[in-house]
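Here's the structure, in structure tokens; my notes come after.
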Amino acid sequence: MTAPAHGAPAPPGERAASKSELAYEWLHEQIVSGGLAPGARLVLSQVAEKLDVSVVPVREAVRRLEAEGLVTFERNVGATVAGIDPTEYLYTMQTLSLVEGAATALSAPAVTAEDLAAARAVNERMREFLAPDPLHFDSVAFTALNREFHSVLFERCPNPHILDLVHRGWNRLKALRGSTFSYVPERASQSIEEHEALLALIERGAPTAEIELAARRHRSATLDAYLAHTGENPGFPTL
């Protein structure tokens, strides 16, 4: 198939696909950033007007978001932003605390001084996010830095199966919602201090069991803070 000449308009199918992608990316960013809160109704015509597209690509984008669990359809209501399923969140965080704790501990002997310096630099950037107001900050950007920090500590894990499970856990959290810190912003400053303690353990060559426990408790503390904030009780104990 011959590509369109430079400057020529894209074929109708390609234009429709690009508009659907535009609608998807905008809605996805709004949902994970908290711009569209759980339970918010998605009026397709309003979204289409805002993005200057027809309703068709918006409908396609909403269907895609529904398949990802970010949007739900309710009778007589239509499309709404999905909330966090507390049970699914609990399962994900419990699993991640276990596998990320193990990956961090197994990585520790291979973590270099350069790695530790890089992790501390990221942690300082996280601290700077909170400097103006520790309860009002860009939670999505903060979460991205949080993942970058932990990646430095677990990516040297020699067990590829455990590492794969860690990546799956982080991706599942992103699908559930962009940032837990948007719900419990007070947890952010505590998390930064726990990062420092974890770095200190690795730096002094603490036993791997001690490092694993610290990493697990760090992850579980965020889960506990979220469940306490929302008052949700899925009926399962936390770690």
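The values are calculated or read from the model by the stated rules, or taken from the named source; none is laboratory data. These numbers were taken from a predicted model, which means no experiment stands behind them. Methodologically, a virtual Cβ is constructed for each residue, glycine included, from the backbone with ideal geometry; neighbour enumeration extends over all protein chains shown. These area figures cover heavy atoms from the full protein model, side chains too; ligands, DNA and RNA do not enter into them. Shrake-Rupley method; radii C 1.70, N 1.55, O 1.52, S 1.80 Å.
Points worth noting:
- Residues of the range 128-139 classified as assigned to a helix (DSSP H, G or I) and acidic (Asp, Glu), total: 1
- Test: residue in the range 216-231 that is open to solvent by 60 Å² or more (accessible area, probe 1.4 Å), modelled with pLDDT of 95 or more and in a helix (DSSP H, G or I): yes
- Within the range 70-97, no residue that is of a type in the set (Lys, Arg) sits with its Cβ atom under 9 Å from a residue that is open to solvent by less than 10 Å² (accessible area, probe 1.4 Å) at 6+ positions apart or across chains.
- Within the range 140-167, the set of residues being assigned to a helix (DSSP H, G or I), open to solvent by 50 Å² or more (accessible area, probe 1.4 Å) and modelled with pLDDT of 90 or more comprises Arg147, Glu148, Pro160, His161, Asp164, Leu165, His167.
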